[in-house]
Amino acid sequence: MYSAAFIFEPGTYDERFHALDAQIEAAALANPGFLGRETWQSEDGKRFNATYYWTDLEALKAFSQNPQHLEAKRDYQRWYKGYHIVISEVIRSYGDGTLNHITPDHRSQNP
């Protein structure tokens, strides 16, 4: 499993941004390797993190080549003050079992 964390500071969004955002979301949902997304916001509300989860690196790469995604990456300065991407391989995840999450609880699978 892989995750792609898109960390960003928003700027001004316009109609083209919203159209691309909807198309990019649809592309992710149509990708059979897409597992889900979660978002976070800093305490001061200035920085956001949208983390996408993928079954494998091939699914993530396919998503990254989507034409609308490529357009958004090319024109990002129109809508964002800045961004940072972190691609990670999820090797383990666990918790106390009370919170549902996209990643599996490895402790419950391997007692």
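The values are calculated or read from the model by the stated rules, or taken from the named source; none is laboratory data. Quick caveat, the model's predicted, so the values are computed rather than measured. In this analysis, Cβ positions are derived from the backbone assuming ideal geometry, glycine residues included, and neighbour counts consider all displayed protein chains.
Data for the structure
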quantity	calculated
Counted residues, region 32-58 - those being in contact (Cβ under 8 Å) with a residue 12 or more places away in the chain, closer than 25 Å to G82 by Cα and either aliphatic (A, V, I, L, M) or in a loop (DSSP other than H, G, I, E, B) (or both)	4
Long-range neighbours under 6 Å by Cβ, at least six apart or interchain, first residue within 16 Å of Y76 (Cα to Cα) and touching a residue at least 60 places away in the same chain (Cβ under 8 Å) within region 1-14, second of a type outside the set (A, V, I, L, M) and part of a loop (DSSP other than H, G, I, E, B)	E9/K46; E9/R47; G11/W79; Y13/W79
Residue among Y83, Y52, Y76 that alone is touching a Lys or Arg at 6+ places or on another chain (Cβ under 6 Å), surrounded by 14 or more Cβ atoms within 10 Å (Cβ to Cβ) and either modelled with pLDDT of 95 or more or of a type outside the set (D, E) (or both)	Y52
Yes/no for R16 being touching a helix residue (DSSP H, G or I) at 6+ places or on another chain (Cβ under 8 Å), under 24 Å from V90 (Cα atoms) and either of a type outside the set (A, V, I, L, M) or assigned to a strand (DSSP E or B) (or both)	no
Hey, Y83 part of a strand (DSSP E or B) and over 25 Å from H106 (Cβ atoms) or not	yes
